[in-house]
Amino acid sequence: MNHSYEERLGTDPMLRLIFRMALPAVAAQFVNLLYAIVDRVYIGHIPGIGTDALAGVGVTMSIVILISSFSAIVGAGGAPLAAIALGQGNRERAGKILGNGFVLLLLFTVVTSSLAYLFMEPVLLLTGASEHTLGYAEDYLSVYLLGTLFVELSVGLNAFINTQGRPGIAMTSVLIGAAMNIVLDPVFIFGLDMGVKGAALATILSQACSAGWVLRFLFSRQASLPLERRYMKLDKGIVLSMLALGVSPFIMASTESLVGFVLNGSLKHFGDIHVSALAILQSAMQFASVPLVGFAQGFVPVASYNYGHGYKDRVRSCFRISLITMFSFNFALMLLMICFPSVVASAFTDDEVLIGTVRCVMPVFLAGMTIFGLQRACQNMFVALGQARISIFIALLRKVILLIPLALLLPRFWGVNGIYAAEAISDATAAVCCTLLFAWKFPKILSRIPG
């Protein structure tokens, strides 16, 4: 079995190594974003119903995000632990983490899809669906849930391919699915006149291909850390360690769903046009934040592997490069969107009223995101170093402690603009707090490494 790919994590020059690992993951995340973006672009341009259909699909995103966030427990929680184990030379533990993660993803699929089907209508109404948009939301979600397994496996297991130093393989899995989605969307939506159901069907078929690619690699001899049946028996210690570290990225992902419930539920009182606007705003936010997720997928295994080996200087170097890169990229992209909101909105709709609404609120909504690259770098480094408790606090701070109360309180004083301002205030406050906390804790974490 060839271990040379993963061994490079501890020997290659850091700048070149991070970008070699991160750029394929960033590209994959950009392409992965097309799953949601392309769906919304096509749906928003369906003649006659585009605006209502976009609002309907927009409210389903809270449920879609919540379901997919369970994969973060395995992907973002298990993969760093596997990388640390590999760095320590403990291949058996790394194999058990992967095997147990696979079984957890199967269990998550059964639970989440069953509950979503049982409570679909009341949950959609809670997330902001109206009598005009509920039908579109149910059409999309009822089909999408059929592919829950493919989503969980492709997202949750892909991180373990990066852990083995094979970002190109991980990127290919996403490229395959996204390319299929781009091709199938217009065929199903317009060609076969399936509307929003066609968009959902195109998505799950594409995710099935991605999941197949991931499993083919992990079960093959190419994998230095293969998926083996002997390690699939659930081990209490392994599962608890994954849950402990994975809770932070899970909270960070799942609270996006909770926020969707709150924001859409509040905005629907000001009209469906604001629910449609939020769908566009969240897509714009994803366009900036998803590449940061991809970059983190590249640098986290590098940091974890070197932390496991006890290479303090390489861990410091990894963080410094990651912080500068993630902050600079995010800051520049946010400024572009804030300065040209109409250009962003026009990609999703021809409705001049909707474009005007987005033009007014986007600068407010995205203002706090300008410095969010700081939080992404610091929080993911905490995860890479196995700091579960701190990561959980940071994940809760932004959405649960700050955003939800602000989103309920500020509209009383500022009307609908208060809902959009709540996002900006919570993003900026959380980023500053996370950065200060990291500056205090990082030296203490490194001081525990012998030597």
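Numerical summary
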quantity: Tally, over the range 346-363, of residues that are closer than 26 Å to Phe295 by Cα and assigned to a helix (DSSP H, G or I); calculated: 2
quantity: Boolean, Phe365 is modelled with pLDDT of 85 or more and in the same structural domain as Val290 (by the TED database); calculated: yes
quantity: Tally of residues being modelled with pLDDT under 85 and open to solvent by less than 60 Å² (accessible area, probe 1.4 Å) across the range 400-418; calculated: 7
quantity: Verdict on Arg359 being basic (Lys, Arg), without any contact (Cβ under 8 Å) to a residue 60 or more places away in the chain, touching a Pro at 6+ places or on another chain (Cβ under 7 Å) and assigned by the TED database to the domain that holds Asp427; calculated: yes
quantity: Where a residue in the range 154-169 is not assigned by the TED database to the domain that holds Thr109 and its partner, wherever it lies, is surrounded by fewer than 24 Cβ atoms within 10 Å (Cβ to Cβ) and polar (S, T, N, Q), with Cβ under 9 Å and at least six apart; calculated: none
quantity: Sole exception among (1) farther than 21 Å from Tyr231 by Cβ; (2) open to solvent by 60 Å² or more (accessible area, probe 1.4 Å) for Gln88, by number; calculated: (1)
quantity: Conditions (1) open to solvent by less than 10 Å² (accessible area, probe 1.4 Å); (2) under 27 Å from Leu336 (Cβ atoms); number of the one not met by Ala384; calculated: (2)
quantity: Subset of the range 308-327 [modelled with pLDDT of 85 or more, of a type outside the set (Gly, Ala, Ser) and more than 22 Å from the chain's Cα centre (by Cα)]; calculated: Lys312, Asp313, Arg314, Val315, Arg316, Arg320
quantity: Unmet requirement for Ala202, which otherwise passes all of (1) out of contact with any Ser or Thr (no Cβ under 7 Å at 6 or more places or on another chain); (2) over 18 Å from Ser142 (Cβ atoms); calculated: (2)
quantity: Neighbours by Cβ (under 8 Å, 6+ apart or cross-chain): first from the range 195-213, under 18 Å from Thr109 (Cα atoms); second not in a helix (DSSP H, G or I); calculated: Leu201/Met194
quantity: The range 171-203, residues that are open to solvent by 10 Å² or more (accessible area, probe 1.4 Å), modelled with pLDDT under 85 and closer than 27 Å to Ala159 by Cβ; calculated: Met171, Thr172, Val174, Leu175, Ile176, Ala179, Met180, Ile182, Val183, Leu184
quantity: Output for the range 91-127, where each listed residue is open to solvent by 30 Å² or more (accessible area, probe 1.4 Å) and not in a helix (DSSP H, G or I); calculated: Phe119
quantity: Failed item in (1) more than 21 Å from Ala76 (Cα to Cα); (2) small (Gly, Ala, Ser); (3) open to solvent by 10 Å² or more (accessible area, probe 1.4 Å), with Ser426 passing the rest; calculated: (3)
quantity: Only listed residue being closer than 30 Å to Arg314 by Cβ and either assigned to a helix (DSSP H, G or I) or in the same structural domain as Arg314 (by the TED database) (or both), chosen from Ile404, Ile419, Ile445, Ile425; calculated: Ile445
quantity: Gly48 vs. criteria at pLDDT 65 or above, outside any helix (DSSP H, G or I) and at positive phi; calculated: no
quantity: Unique residue being more than 30 Å from Lys444 (Cα to Cα), assigned by the TED database to the domain that holds Lys444 and at pLDDT below 85 when the list is Val300, Val275; calculated: Val275
quantity: Residue count for the range 223-248, restricted to those that are in contact (Cβ under 8 Å) with a residue 24 or more places away in the chain and either open to solvent by 50 Å² or more (accessible area, probe 1.4 Å) or out of contact with any helix residue (DSSP H, G or I) (no Cβ under 8 Å at 6 or more places or on another chain) (or both); calculated: 7
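The values are calculated or read from the model by the stated rules, or taken from the named source; none is laboratory data. In this text, all values refer to a predicted model and were calculated from it rather than measured experimentally. Virtual Cβ from ideal backbone geometry, glycine too; neighbours counted across all protein chains shown. Remember, those area values only see protein heavy atoms, side chains included, never the ligands or the DNA or RNA. Shrake-Rupley method; radii C 1.70, N 1.55, O 1.52, S 1.80 Å.
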